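The values are calculated or read from the model by the stated rules, or taken from the named source; none is laboratory data. Small disclaimer: the values here were computed from a predicted structure and weren't measured. Note that each Cβ is placed from the backbone with ideal geometry, even for glycine, and that neighbours are counted across all protein chains shown.
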Amino acid sequence: MYHDFIYSDDLNNDNDSQSYPSYGLYASSSSSPDAETPSQTIPTDRGEKILRDMFLSRRVIGIRASLFHSSIEHLRKVCSLHGIDVSGCSKVRDVKIRLLYHIINGDCFLQHCESSHPVPDRSACLCIAGSFPSSLSITSFIENLLKTSIASQITTEELLLVVESTGNQLPYENQRHMRRRVLGSLQAFVVRCRHLTQ
């Protein structure tokens, strides 16, 4: 159903105008149980580019679309490709939180990801997880990406949403140095994740 969504040129072109060939990673749109298998390996940086666009770009199409600038309908499609059920979410904020939780926790890597029917097929997870050795590496990559970002790429309010998706409900009443404190909360989350994996 959404395979055309993943096959879009959007996946193969990044903001730096570099092109990547199609790798035949996704299940065919036929209903046969013999879905296509990957014919080549995923480029090692594809997952990083997808995550970079999801967090820092203003794209509104494909699986690389911004988590913060896309419509609720588009975010629902992306959630489906991550195997996330958001049918009970009526607000765009709730859909964003569910998708952010999945990504920031490295769940793309943890879940069994394969190109198969029925939808949700987790194809987006496969694209991201193929670039990372572990779920913690996804989480660490996102933390470093956000730590080096600037306000024109991701606002402090958007960072607050990311931190909220980690389960942090700390009130940030004082606006002074808010961005630094929010990034500190994200760093503390990554440290907790590291301790849990040891």
Next on the checklist: Pairs please, first residue from the range 178-198 and farther than 12 Å from residue 156 by Cα, second anywhere and in a helix (DSSP H, G or I) and of a type in the set (Val, Ile, Thr), Cβ atoms under 6 Å, 6+ apart in sequence or on different chains.
Outcome noted: 185/163; 186/163; 190/139; 193/139
Item to check | Of all residues making up the range 37-49, the number that are surrounded by fewer than 19 Cβ atoms within 10 Å (Cβ to Cβ) and either at pLDDT below 90 or touching a Lys or Arg at 6+ places or on another chain (Cβ under 8 Å) (or both) | outcome: 9
Checklist entry - If we scan the range 71-92, do we find a residue that is outside any helix (DSSP H, G or I), surrounded by 17 or more Cβ atoms within 10 Å (Cβ to Cβ) and of a type in the set (S, T, N, Q)? => result no
Item to check | Filtered residue count, the range 93-112, keeping only those that are over 17 Å from residue 138 (Cα atoms) and either among the aromatic types (Phe, Trp, Tyr) or surrounded by fewer than 16 Cβ atoms within 10 Å (Cβ to Cβ) (or both) | outcome: 2
Checklist outcome for this item: Counted residues in the range 120-165 being of a type outside the set (Ser, Thr, Tyr) and over 12 Å from the mean Cα position of the chain (by Cα) come to 22
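Among 52, 64, which is at pLDDT 95 or above and either of a type outside the set (D, E, K, R) or within 24 Å of residue 157 (Cα to Cα) (or both)? So that I can check it myself, show each step before the final result.
Details: 64 fails: at pLDDT 95 or above.
Testing whether each residue is at pLDDT 95 or above and either of a type outside the set (D, E, K, R) or within 24 Å of residue 157 (Cα to Cα) (or both) leaves just 52.
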Checklist entry - For residue 82, which of the numbered conditions (1) modelled with pLDDT under 50; (2) closer than 15 Å to residue 128 by Cα fails to hold? => result (1)
